[in-house]
Structure formats: C-alpha cells, structure tokens
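First the structure, in the form of structure tokens, and then the observations on it.
Values quoted throughout were computed directly from the atomic coordinates according to the rules given, and no laboratory measurement underlies them. Just so it is clear, the structure is predicted and the values come from calculations on it, not from any experiment. Every residue, glycine as well, gets a Cβ built from its backbone with ideal geometry; the counts of neighbours run over all protein chains shown.
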Amino acid sequence: MKTKLALITFGIISVQCIFANSSTWEQWRGPNRNGIVEDQSFEWPKNLKGIEKVWSKSLAEGYSSPIITEDKVFTVETKDKTYEITRAFDRKTGKQLWETSWEGAMKVPFFARKNGSWVRSTPVYDNGTLYVGGIRDVLVALDAKTGKEKWKIDFVKTEKSTVPTFGFVSSPVILNNFLYIQAGAQVVKLRCSDGKKVWGAMKDDRAMSGSAFSSPIIAEVGGKNQLLTQTREEIAGLDLETGKVLWRYKVKAFRGMNILTPTVIGDSLFTSSYGGGSFLFTVSTNPKGLEVSKTWTNKTEGYMSSPISHNGYVYMHGRDKRFHCFEANSGKVMWSSEKKHSDYASLVAKGDSVLALKADGELLIFSLTPKEFKIIDTKKVSDQSTWAHLALCGDEIFVRELKGITKFNWK
C-alpha cells in the first residue's frame, strides 16, 4: 500500500460553513441508494443549457462512481493493468489531496473485456472512512482525511474462495457501523471498525456462475427491515442480525446476469435481467414468517441500468438500449422510446424529471410521466465513454469519464 498526501497549510480562517448547504453522494446511487434526490436546497433548471465545467482531472480507467462528501471527491481507478488507485480531491477546487494504491488487476472474460478490465465497485463513505472494493475481491478501509489504510480484507484468502471471474462488482452498504456486501462468493456482514466478519450467507463459489454483480440495499418490506440482495440466480431478503435467509426466489437470467440493484415499491421489489425479462416480487407475512410471490413478468429485459420508481411507475433503460416505463402494479409497458440510446445510462431523479447520463457521454433530461417519453433537453458532457454512475449534489454534477472526472455547475 502506497499513500501520497498533499500537505496544505491554512491561514487562521473559519472554513466550517463552506459546504454547510451542500448535499453529498456518499454511496452507490446516492443518499437513499435509489437514484432519487430529495434535497430541496436546489431546484433543477428546466433545461441543461446552464451546465458549465468547473474543473476536470485526468485519471486512469475505472467504472466506480465518484463519492462526494462535504469537502472531498473520491475516485478509484486501475492503472497500467497492475495497480488500483484511490484519490481524494478538494471538492471546490479539484486539487488532489492524497492518493493510495495497491497491487490489484485482472482480465475479465473475453466477452466482457470490450468494456475493460478495470475496477467496477463503487465505494461507500461513512463516519470518516472510505471503504473501497478492489477488482480481485479485496475490501480496503481508508482514512478519508489522509488516505491511510485502516484495514484490508482479501476475501480469496480469508474465505478460501476463487477470484470472481468478472471481478468485485457489488457496492457495499452500511447501517449502524456494519457493512454489508456481496464478496467472497457470498453475502457478508462486517464490522466497520476492524473488518471482522459477523456472518456469511448464500455462498456460491462457482467461478464463472458465482460471485454476484448486484449491490444490496436495506429496506422494510413485508413489515420487516432487512437486507435485500440479488445473487446471480436469486433475489432474497436476509435478517440483518443473523444473516438468515427470510425468503428467496429464483430470477431467470442468461448466464446469471442479474446485475440491477433491486427497486423497492412498497412491499414489492422490481428487478430486470439480461435474458430473463422484468419482474415484480411481493413479500408478505404468514404464520411462519415471510413469504414471497411473483406478481408479474414482462419480456422487456434490463441490462446494467438500475431503474427509478416514481408515483406507481418504473422507468428503466433496457438491454435493447431504449428507455421504458412500466406500470408497477401490472407490469404493463406504458411506453418505450423509439430511438435507441447507447448501451447504458445511469439515472438520477428529482420531482418529475430524470437526468440520464448515457455511456456515450451525452446527458439528457426527460419527464417522469407514463404518457410518453418526452426529452426536455440534451447536452454532450464528455467525448469519452461514461459508464460510471452519475453523481449529483445540489447544483453540482460529477461525471466520471473513462479516463477522468469532471465537475460541472448547473445554473
């Protein structure tokens, strides 16, 4: 582990309130892990004409979404097919504050290699610590102020599992000083303080067919707060304290390509898979505990883009490169965009609008309405590919390009 720290000497001035009104983006898909912005301090403009670049920094390749705290921006990259590097930048100026690196790289299978063999998991920030997933199934806890390593877990060694064929993809979630993640060919709960394993569940060490892609969430469904996770073959709810599987259901997918983060809609969960279709599962109680049933199936397939749920409808970018709107109760497709829109899009919603960052560097804003697919405006924000999830904090937009990160202001 190598750490470089840029030491900065400040005059005697008060800086406590610089970011007092700034929102943050400290985990996968934002504050509520669902791509929905609830911060009321900034109203989205009606178009994208006021987007202006503030600063930009060059990086090596990576698909991890940037993490934004009150005063810092964190990125992760794979360099020279050998190292993984985590960097911290000053949120206001873009000045690099520190960087930490470790050996960690691999080649993914040929059919996935066209999109690159570099780091994929998005870190999570909590209570002064940044938790970073490395592609060879390692998890590193870093002091967010200095970049110094607090602890590191090599799941291949500790769990005696195989290196995941597609790398460490799932992004961790934290609740009450415990971290939950799909790693070591299973779902695991760790203590944030020292990385010690509390429990493991749903182990599936089948190399090409094991080691999940989807990122877990924590939510109350069926009257019980639980860890909701999607493995390569199943969607399930786990007891947060014990890891006991409360319910589970098989999800059809080609080669286990269940990638989306489950979307909670009341007591139901929406998901969509490559080669399987779209599904709604409903969790209910019975005398023995919880049970799950499949409410509906639709042939429209998802791919990598996790959807937005809004007022009884689900909005998703699909495998066919089109945007789709489903009625959540019935699975009826209300509309599908006529035009195809790149291989991937990350979605962030506020009110009745969605910002979609497509993999081709184009940002678009469209209306959340089941009546029609209505694009309000578009803007090219990068000439590079943009597969990392969009991060949005108030009037600040952060775009992780293939070889860089750029901060924009939206006026």
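Using only alpha carbon positions, build the gyration tensor of the stretch 132-282, then give the equivalent ellipsoid semi-axes as the square roots of 5 times its eigenvalues, largest first, whole angstrom.
Numbers: eigenvalues 124, 69, 34 Å².
Listed largest to smallest, the semi-axes of the stretch 132-282 are 25, 19, 13 Å.
The convex hull built on the alpha-carbon positions of the chain has an orientation-averaged projected area of 19.0 nm².
Near the amide H of T129, within less than 5 Å, lie the amide hydrogens of A144, all on another chain or at least 5 residues away, with H placed in the peptide plane. Label-to-label distance, N176 versus K244, with points set 7 angstrom from Cα along the beta-carbon direction: 1.6 nm.
Net charge near A219, counting Lys/Arg +1 and Asp/Glu -1 over other residues with Cβ under 15 Å of its Cβ? Summing Lys and Arg as +1 and Asp and Glu as -1 gives 0. Tell me the Kirkwood hydrodynamic radius of the stretch 322-411 in angstroms, computed as one over the mean inverse distance between distinct C-alpha pairs. About 13.8 Å, per the Kirkwood formula over Cα pairs.
Rounded if a/c is under 1.5, else prolate if a/b is larger than b/c, else oblate: which is the stretch 163-236, with a ≥ b ≥ c the root eigenvalues of its Cα gyration tensor? Each step should come with its number before you reach the end.
Working: a/c = 2.12, a/b = 1.27, b/c = 1.67.
Taking the square roots of the gyration eigenvalues as a ≥ b ≥ c, the stretch 163-236 is oblate.
For the peptides 89-95, 256-262, what is the packing order when you average, over each peptide's residues, the other Cβ atoms within 10 Å and list the highest mean first? Working shown, then result.
Working: 89-95: 16.6, 256-262: 24.1.
The packing order, highest mean first, is 256-262, 89-95.
What order do you get for 313-324, 188-199 when each peptide is scored by the mean count of other beta carbon atoms within 10 Å, highest first? Present the calculation step by step, with values, prior to reporting the outcome.
On the way: 313-324: 21.8, 188-199: 16.8.
Ranked by mean Cβ neighbours within 10 Å, highest first: 313-324, 188-199.
Computed from the Cβ-Cβ distance with R0 of 41 Å, the FRET efficiency linking E38 to K95 stands at 0.85.
Pairs exceeding 32 Å between alpha-carbon atoms, taken from K57/K107; K46/K72; K196/K358; K294/K379; K81/K374; K57/K189: K196/K358; K294/K379; K81/K374; K57/K189.
Looking at the square roots a ≥ b ≥ c of the eigenvalues of the Cα gyration tensor of the stretch 217-302, which shape do they give, rounded for a/c under 1.5, prolate if a/b is larger than b/c, or oblate?
Details: a/c = 2.04, a/b = 1.63, b/c = 1.25.
Cα axes put the stretch 217-302 in the prolate bin.
Relative to the current alpha-carbon distance between R206 and E149, full extension at 0.36 nm per residue lengthens the span by 17.4 nm. Just check the stretch 265-343 against the gyration tensor rule for me: Cα atoms, a ≥ b ≥ c as the square roots of the eigenvalues, rounded for a/c under 1.5, and otherwise prolate or oblate depending on whether a/b exceeds b/c. Prolate is the answer for the stretch 265-343, as a/c is 1.5 or above and a/b outweighs b/c.
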